[in-house]
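The values are calculated or read from the model by the stated rules, or taken from the named source; none is laboratory data. Predicted, not measured: the structure shown is a model, and the values here were computed from it. FYI the Cβ positions are ideal-geometry reconstructions off the backbone, even for glycines, and counts take in every protein chain you see.
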Amino acid sequence: MQGIQTRATPCDRPVKKRSKKKGGSGGSSKSVREVVLEFLATHISSCLRPSLQRMKQKIAQQQALEKSEESASRACFNA
């Protein structure tokens, strides 16, 4: 009967484990998911921080270039 249920619904296997085995296993699987999500969040943020700083630097450089080009074009038009 147990094998038939797991074969019929393979998606329910973790739920079956939680209900059949100790409650601690279900809790541990939840905490594992939370730990993985926390790790991913910290990893992604640590990976994105330098790239965000680079993007800010590029934007600042681009704005400075545009300002210098504007001033140069104004100087050409005024002369």
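Observations, loosely collected:
- The listed residues are Ala79, Ala41, Ala64, and the only one of them that is at pLDDT below 85 and hydrophobic (A, V, I, L, M, F, W, C) turns out to be Ala79.
- The set of residues from segment 48-77 being under 37 Å from the mean Cα position of the chain (by Cα) and either among the aromatic types (Phe, Trp, Tyr) or surrounded by fewer than 10 Cβ atoms within 10 Å (Cβ to Cβ) (or both) comprises Pro50, Ser51.
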